[in-house]
1. Taking only the alpha-carbon atoms of segment 26-106, what semi-axes of the equivalent ellipsoid follow from 5 times the gyration tensor eigenvalues under a square root, in whole Å, largest first?
2. Specify whether the C-alpha gyration tensor of segment 41-164 places it in the rounded, prolate or oblate class, a ≥ b ≥ c being the square roots of the eigenvalues: rounded for a/c under 1.5, otherwise prolate if a/b is larger than b/c and oblate if not.
3. Compute the FRET efficiency between Thr418 and Asn45 as 1/(1 + (r/R0)^6), taking r as their Cβ-Cβ distance and R0 = 35 Å, and round to the nearest 0.05.
4. Would you please give the FRET efficiency between Leu132 and Ala330, computed as 1/(1 + (r/R0)^6) with r the Cβ-Cβ distance and R0 = 51 Å, to the nearest 0.05?
5. How far, in degrees from 0 to 90, does helix 117-131 lean away from the longest principal axis of the Cα atoms of the chain, to the nearest 10?
6. Under the 0.36 nm per residue contour assumption, what length would be gained going from the current alpha-carbon distance of Thr344 and Asn317 to full extension?
7. Excluding Cys428 itself, calculate the net charge of residues whose Cβ lies under 12 Å from the Cβ of Cys428, where each Lys or Arg counts +1 and each Asp or Glu counts -1.
8. Counting only residues 5 or more places away or on other chains, whose amide H sits under 5 Å from the amide H of Phe275 once H atoms are built in the peptide plane?
Amino acid sequence: MPLVVAKFGGTSVANFSAMQNCAKIVVNNPDIRVVVVSAASGVTNRLVELTQPRVTDEDRSRIRSEITQIHHEILSHIDAPALVIETLENNHQRIEFLSEALVLDRSKIIIDELLSLGEQCSSLLFTEVMKLHTQQATLFDVRNVMVTDSQFGKANPDIEAIAEQVTTLMAPKINECVFVTQGFIGRDLDGRTTTLGRGGSDFSAALLAEALDSHSLEIWTDVAGIYTTDPRLVETARPISEISFDEAAEMATFGAKVLHPATILPAVRQDIQVFVGSSKAPEAGGTWIRKNAESRPLYRAVAMRREQTLLNLFSLNMLHAQGFLAEIFAILAKHKISVDLITTSEVNVSLTLDKLGSDSDEKELLSSALMDDLAKNCTVEVEKDLALIAVIGNDIPNQSGVMHSVFEALTDFNVRMTSQGASKHNLCILVDRKDADQVVQVLHQQLFDNVA
Ligand code: ADP
Ligand code: ASP
Ligand code: MG
């Protein structure tokens, strides 16, 4: 039987009526045997707010009651068994308890435990909504299979251990159960709850699809597929019917929020086709992501990542020296900072860093320990409030006229840095945050709207 894993994002499980749309998608396709859900829309953001150092008692009680309200709206439509109501209340009490515990000890272990409760609540409620349609719906605690390391806030999955657990605990029951489980969360080898980083439910679903050797993975969200750019930003953005793994991975990496950047990796490893569609309008179709897409256009999409930081490093020691960059990268690796773009000159190196690579609890990217370590080697200048915009396509370095087309559209904007050539699939520019939306709009117009 061709097995399908389906993932529903936050807006898809935001309330009872949205959950009903998802349940219908699942029961209409008997091949869907595993359903991965995010926390209901707004819940994880509120849980993150609870972890912030300056949150007051008043904020805490307001946030907790907002979260409770979201869940109670869903509960009010279901004749839920006492055990489900009790479990939900226990989860709400745990939110209260853990957020208070953070006042004394802002531990990453407690933060992940707290953040995991959004998905724990939504999966509990969604299972009940599914039971209105099929008795096969079975709540499954993903932590029993989602084995990770102990990097709280952005834990790394252990692919082999996950495959082993999935084979033992899920595969034998896959024909008689429709498993409803949590995205975003996992468990380390000491039994502690971990999270995979913001937006990580897509990644969870892909990992489960990989472990189950699925036929396909469906990502159900609030847009009818992957578009030529964020349809919320550009009205003329067009849906893409089919796209290659390479292009989709580039889009996700460069900020197309519709997919978490790590989602494509497990799909590539097992050659699992991925569908992206809207849970509100499944009939509208969507995007298929496949190893080989039939069309390979020069320009595929424009993606944007906000909140970019530029580090300008200056050192005279760099002049005719060896190993300077190695030292800098060793420091960045020690502080678990990943670098995106890099340009160098005789005595300067500029690097861009991305907030997306940071932890679930949104801690500051540049810690004072990192800055101290860097300052031992060079003079450091930090520029914030930048945005990275990527033109995604095929064979970009080997086509003439690309630079001309792109920069012709950008005459009114200051381009802080560019990068092109390393990948066949992108051309990146760094601009001021205040210009970012407009730059995406003019680029989209230049590369997509003016084309017949
Ligand atoms: P979910 O909660 O379902 O995971 P997300 O909010 O994470 O949903 O992702 C969906 C959003 O991604 C859309 O609402 C859209 O604004 C944004 N997005 C950004 N770039 C693109 C793109 N190229 N195509 C489609 N959506 C995009
Ligand atoms: N609930 C988590 C978040 O908001 C994971 C996800 O939705 O993918 O980041
Ligand atoms: Mg998402």
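1. Largest first, segment 26-106 gives 29, 15, 12 Å.
2. Cα axes put segment 41-164 in the oblate bin.
3. Taking R0 as 35 Å, the efficiency between Thr418 and Asn45 is 0.60.
4. Result of the calculation: an efficiency of 0.40.
5. Helix 117-131 sits at roughly 50 degrees to that axis.
6. In short, 8.4 nm is gained.
7. Result for the neighbourhood of Cys428: -1.
8. Leu217, Glu218, Ile219, Ile289
The values are calculated or read from the model by the stated rules, or taken from the named source; none is laboratory data. Remember, it's a predicted structure, so these values are computed and weren't measured experimentally. Every residue, glycine among them, receives a Cβ derived from its backbone with ideal geometry; neighbour counts consider all protein chains shown. For the accessible areas, the whole protein counts, side chains as well, though only heavy atoms, and no ligand, DNA or RNA atoms are used. Shrake-Rupley method; radii C 1.70, N 1.55, O 1.52, S 1.80 Å.
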